[in-house]
């Protein structure tokens with residue numbers, strides 16, 4: 001148990017979506033998700049939009065509470081905590097968001113934004129806070145003068161660094177980064193990714209990295225969970241996932257990523273159709289409606305997670321079938 | 001020599017800011033041949049979308065104006081013809097698809113009506129024929145059940161589906177040129193793969209020229225025959241796709257290609273380009289990239305370089321004062 | 001190239017982080033506001049009225065309460081610019097003095113009403129649930145009456161007098177603010193930065209007052225100026241109907257009310273207070289419009 005900083009066990013979350021004349025519909029946003037994160041590593045959740053990866057992130061920092069299942073953080077069962085009990089724990093779990101501008105209160109100065117966690121979680125005087133904020137501005141590649149400015153004066157990349165600085169103020173154990181670079185231009189994206197890695201080394205951080213971009217994920221992660229329609233279909237260390245993907249969906253996803261190398265011949269696996277609605281998820285294996293290898297069994301029986309080798313879990317009746 | 005479709009010459013587009021005009025696009029010249037996919041790459045704010053809107057003359061409703069240059073399409077300068085004539089070309093000879101398919105469709109109208117309207121705008125055929133044609137194009141873009149799709153409202157379609165509908169609409173009059181402005185940026189990778197495949201298929205079948213505007217070098221590498229790289233409203237490099245990725249000459253292109261994580265490359269850190277894109281109103285005097293360029297010398301800050309052919313090549317052009325030395329460096 | 005140290009790279013991008021010159025929000029606001037001529041004139045007029053409210057009693061040419069039986073119901077003359085009333089009191093002086101009461105009652109009751117409405121709306125929007133239902137249904141009930149009828153009902157129950165008029169105006173001011181505030185809060189609550197504040201561990205009170213409230217002030221300011229116009233009208237109406245201030249105290253509405261008996265013989269008695277009320281309400285409404293246009297980023 002203590003090997004892990006975060007442990008998610010069979011977590012499910014549904015949202016109620018009303019439709020028409022008061023008929024209730026349930027959106028199965030997260031469905032029986034389990035994974036573990038070791039201290040100091042970067043665990044990534046990848047998947048397409050609507051697969052529940054962001055919801056999973058919010059379940060871990062208690063912005064949402066799971067209906068069933070448990071979330072453990074640093075030896076505490078946070079899924080059972082009240083908002084009030086959770087508040088001191090929040091110091092150790094910080095978050096970085098996709099939209100760097102929206103995540104900052106546009107009416108506050110940069111230095112007040114970065115200093116806010118200190119104001120909430122420590123008893124520092126305002127001078128001590130300012131000193132710490134200025135140190136952090138330097139760390140993320142800005143300077144003290146930037147602290148006097150307001151968010152609208154900055155570019156997206158700079159704002160994302162402000163967001164990172166804020167997450168760093170209270171020396172958290174875990175940083176949940178929800179698509180931190182997908183709104184940024186490529187050249188800026190590299191700056192932010194490098195900064196995140198640098199900080200991880202210097203401050204022994206653990207990351208939960210949520211992204212749809214498999215190339216970015218490959219660069220930054222140690223382990224990866226691939227999500228489809230609210231569930232994790234495959235979890236594996238980086239090398240195994242990219243080198244020997246066992247789930248047909250992982251395989252397709254990898255083949256669909258455009259590679260910036262025109263000389264590389266590649267075989268793209270094209271999926272049929274669209275993502276099924278999470279309101280009405282398919283029976284059996286969630287992927288069977290689009291899976292080229294689906295059989296009768298797949299449409300009836302939901303596969304359980306199988307451990308192929310150490311730390312390599314897959315939810316498929318026929319693992320590695322796509323590898324021929 | 002294949003047939004020339006579109007020839008853009010020294011295009012300059014400006015926007016009104018407060019009381020002065022700032023130049024968003026300057027000295028942009030390029031051409032597209034029939035059946036060719038030309039990639040227009042750059043980061044946000046580099047003027048790639050403005051270029052396409054200038055070609056389509058869709059800047060009228062903004063504060064922008066095209067103050068210089070020619071856009072030759074089938075021998076006609078699109079910048080000089082009347083608005084009425086232009087309307088006849090838009091959607092008929094040149095079609096456009098946009099990044100966000102959802103907001104490009106009218107949410108209050110059935111798909112059917114929107115496609116039929118687009119068809120009837122340019123063709124003197126009966127409504128019945130137009131509907132049949134709408135059905136056919138939807139089928140051609142790979143929509144499994146065109147009848148249901150025709151009857152549905154845009155919000156009932158998924159992102160990938162609505163982009164297919166947009167493409168169907170754009171293709172309904174069989175245009176010679178398709179301008180695709182970030183067509184897959186809002187879509188998931190698996191759906192993106194489907195849409196890209198579809199665009200290539202259309203190109204092969206109809207010999208349509210495609211101007212593909214994107215920031216994604218991966219998409220460029222898979223789709224394009226030639227590529228134009230834009231930075232701060234200028235073309236900084238132009239090359240066939242293989243040359244561009246194999247031996248990029250402009251420091252910006254080099255930086256851009258290096259800073260993209262590549263699947264399977266097994267790196268843990270990426271070279272990045274320092275700084276950020278300059279604001280339109282405070283452009284540096286010389287080379288626009290000089291402040292971020294690690295090779296920048298005195299002349300780079302003083303004088304803006306011209307877009308000239310790279311030594312020993314008649315297909316690769318570059319806008320840089322000192323590219324000769326650097327090219328060798330890259331190859332070394 | 002891959003082995004390039006990340007460290008060196010962060011050093012690299014630190015090199016030229018040039019920010020554009022800071023734009024002063026106040027300056028931009030003023031620049032945009034002065035383009036709206038009507039709003040500027042209104043603002044000047046209102047500021048002038050406020051000044052009069054403060055110094056009015058000290059600059060009057062005549063004692064506003066002193067009767068002069070030698071000149072009753074006189075039209076405008078050199079001595080009495082805006083004429084005299086049925087007791088020979090100088091209308092101009094009485095209007096000057098009355099500014100304080102009329103404006104004061106309107107301003108202070110709208111201020112109290114705004115404060116209550118904002119708090120109710122903020123809590124209702126943020127916490128939702130039963131609190132929201134109670135507040136919003138309460139507002140619906142109050143909304144069912146026309147403003148002035150509601151004010152009359154309130155005064156009818158608790159009796160006439162300046163304080164009671166203020167209470168009446170407050171009562172019909174609260175729901176409009178509560179409603180606007182609630183919807184503004186619900187919108188603001190969904191903003192990403194509010195979710196971020198929660199993830200940082202902010203208490204509800206901090207989220208409410210630091211992260212939500214400042215974003216709603218804009219819409220409040222506009223409604224505030226508009227409501228003052230309504231309040232002045234309501235105060236005048238109540239006084240006109242005899243529910244307001246003591247008749248001896250100069251008040252715009254009361255003056256209008258007393259002079260209606262002399263409408264045929266001395267129309268100036270109705271004209272000047274009437275025009276003043278009209279101009280004041282108009283000024284507040286125009287100012288409100290101007291502020292909305294200036295504050296709304298969508299209108300250029």
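What fraction, in whole percent, of alpha-carbon pairs in the stretch A:139-254 exceed 17 Å separation? Tail fraction, whole percent: 59.
For the protein assembly as shown, the antiparallel share of DSSP beta bridges with both residues in that region comes to about 60%.
Counting only DSSP beta bridges with both residues in the stretch B:4-224, what percent are antiparallel, rounded to the nearest 5? If you can, show how the numbers build up before the last one.
Details: 20 of 35 bridges.
Of the beta bridges lying entirely in the stretch B:4-224, close to 55 percent run antiparallel.
Which one of B:95, B:265, B:82 has the biggest mean-square fluctuation once chain B is modelled by GNM with Cα springs under 10 Å? Of B:95, B:265, B:82, the Gaussian network model singles out B:265 as fluctuating most. Here chain A is treated as an ellipsoid with the same Cα gyration tensor; its semi-axes, largest first and in whole Å, are 36, 23, 19. Distance between the modelled labels on residue B:84 and residue C:81, one decimal in nanometres: 6.4 nm (7 Å Cα→Cβ projection). Shielding of peptide B:181-193 by partners, expressed as the average count of other chain Cβ atoms within 10 Å per residue Cβ, is 5.
For C:187-196, what's the mean count of beta carbons from other chains sitting within 10 Å of each residue's beta carbon?
Details: counts 0, 0, 0, 0, 4, 9, 12, 3, 6, 14.
Per residue, the average neighbour count from other chains is 5.
By the helix-only formula, in which each DSSP H run with n ≥ 4 contributes -39500 (n - 2.57) and the sum is divided by residues, the protein assembly as shown has a 222 nm mean residue ellipticity of -14000 deg cm²/dmol.
Here the calculated FRET efficiency for residue B:132 and residue B:152, from their Cβ-Cβ distance with R0 = 30 Å, stands at 0.95, rounded to the nearest 0.05. Extension gain for the segment residue B:29 to residue B:246, taken as residue separation times 0.36 nm less the Cα-Cα distance, is 75.8 nm to one decimal. Model label points for residue C:30 and residue A:144, set 7 angstrom from Cα along the Cα-to-Cβ axis, are 3.0 nm apart.
Among A:37, A:110, A:269, the largest mean-square fluctuation in a Gaussian network model of chain A, built with springs joining Cα atoms closer than 10 Å, belongs to A:269. Quick check on chain A: of the DSSP beta bridges with both residues there, what percent are antiparallel, nearest 5%? Of the beta bridges lying entirely in chain A, close to 60 percent run antiparallel. Relative to the longest principal axis of the Cα atoms of chain B, helix B:127-140 runs at roughly 50 degrees.
For a modelled paramagnetic label at residue C:260, 7 Å from Cα along Cα-to-Cβ, the residues of the stretch C:120-153 in reach, with backbone nitrogen under 16 Å, are C:148-149, C:152-153. As I understand it, the value is the acute angle between the Cα axis of helix A:126-139 and the longest principal axis of the Cα atoms of chain A; what does it come to in degrees, rounded to 10? With both axes taken from Cα atoms, the answer is about 50 degrees.
Seen against the Cα atoms of chain C and their longest principal axis, helix C:91-127 is set at about 30 degrees. One decimal place: the segment residue B:265-residue B:123 gains 46.0 nm when fully extended, by the rule 0.36 nm per residue minus the C-alpha distance.
Given R₀ = 51 Å, what would the calculated FRET efficiency be for residue A:131 paired with residue B:58, taking r from the Cβ atoms and rounding to 0.05?
On the way: r = 52 Å, r/R0 = 1.02.
In this case the efficiency is close to 0.45.
Its convex hull of Cα atoms gives chain B a direction-averaged projected area, equal to a quarter of the hull surface, of 18.8 nm². Percent of Cα pairs in the protein assembly as shown per distance bin of 10 Å, from zero to the largest separation: 2, 10, 16, 19, 19, 15, 9, 6, 4, 1, 0, 0. Counting Cβ atoms of other protein chains within 10 Å of each residue's Cβ and taking the mean over peptide A:101-109 gives 5. Legend: calculated FRET efficiency, residue B:185 to residue A:239, from the Cβ-Cβ distance at R0 = 22 Å, rounded to 0.05, equals 0.15. One compactness figure for the stretch B:83-159 is 1.13, namely its Cα radius of gyration divided by 2.2 N^0.38 Å. Computed from label points 7 Å out along Cα-Cβ, the spacing between residue A:268 and residue C:38 is 5.7 nm.
If you bin all the Cα-Cα distances of chain C at 10 Å, starting from zero, the percentages per bin are 6, 21, 25, 21, 13, 7, 4, 2, 1, 0, 0. Sorting the segments B:120-132, B:149-161, A:291-303 by their residues' average number of neighbouring beta-carbon atoms within 10 angstrom, most packed first, yields B:149-161, A:291-303, B:120-132.
Since every read-out is calculated from the coordinates, none of them should be taken as a lab result. Worth saying up front: this structure is predicted, and the values here are computed from it rather than measured. Because the Cβ atoms are built from the backbone with ideal geometry, glycine has one as well, and the counts that use them run over all protein chains shown.
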